[in-house]
């Protein structure tokens, strides 16, 4: 694949409302994900709304829960490496901007930063799980 073409695609995706584009040439392909702040907010909001609107006998607890969602497509890593302890665990307090996990995107670890603060209630994924953009990773209360 031509590097200049890939660079142009990345720039166009970054300056658009497109969330994700995959470019293929022969047996090679690359996926470009737009993780700009506006994309993160618009994609994470439906995931949080969907979770809280499900029919659940514990409606009061569900309405107060918040989720930290993946901002990338790849494989989740809860610690700095496969052998490291998770960055957060149930009972921990999370602040806005705190790194709570990583997503392995094409062998590069990309941090997942919390956009909300709260107390970790549940970790919804395990190391190595494949995650899509806006998939809830951590539930806070």
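The values are calculated or read from the model by the stated rules, or taken from the named source; none is laboratory data. Because the structure is predicted, anything quoted here is derived from the model rather than measured. Every residue, glycine as well, gets a Cβ built from its backbone with ideal geometry; the counts of neighbours run over all protein chains shown.
Is one or more of the residues making up the range 134-141 surrounded by 18 or more Cβ atoms within 10 Å (Cβ to Cβ) and in contact with a helix residue (DSSP H, G or I) (Cβ under 6 Å, 6 or more places away or on another chain)? There is at least one residue in the range 134-141 that is surrounded by 18 or more Cβ atoms within 10 Å (Cβ to Cβ) and in contact with a helix residue (DSSP H, G or I) (Cβ under 6 Å, 6 or more places away or on another chain).
Does residue 68 qualify as being at pLDDT 50 or above, surrounded by 11 or more Cβ atoms within 10 Å (Cβ to Cβ), outside the structural domain of residue 111 (by TED's automatic domain parsing) and assigned to a strand (DSSP E or B)? Explain how you work it out, then say what you get.
Numbers: at pLDDT 50 or above: yes; surrounded by 11 or more Cβ atoms within 10 Å (Cβ to Cβ): yes; outside the structural domain of residue 111 (by TED's automatic domain parsing): no; assigned to a strand (DSSP E or B): yes.
Considered against the rule, which asks whether it is at pLDDT 50 or above, surrounded by 11 or more Cβ atoms within 10 Å (Cβ to Cβ), outside the structural domain of residue 111 (by TED's automatic domain parsing) and assigned to a strand (DSSP E or B), residue 68 comes out as no.
The test for being surrounded by fewer than 20 Cβ atoms within 10 Å (Cβ to Cβ), at pLDDT below 90 and in a helix (DSSP H, G or I) does not hold for residue 57.
Quick grid of which residues meet (1) over 16 Å from the mean Cα position of the chain (by Cα); (2) closer than 19 Å to residue 73 by Cα:
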site: 85; (1), (2): yes, no
site: 89; (1), (2): yes, no
site: 93; (1), (2): yes, no
site: 99; (1), (2): no, yes
site: 104; (1), (2): no, yes
site: 108; (1), (2): no, yes
site: 116; (1), (2): no, no
site: 122; (1), (2): no, no
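Residue by residue through the range 73-83, note down the ones that are over 25 Å from residue 20 (Cβ atoms) and either in a strand (DSSP E or B) or under 16 Å from the mean Cα position of the chain (by Cα) (or both). Selection gives 79, 80.
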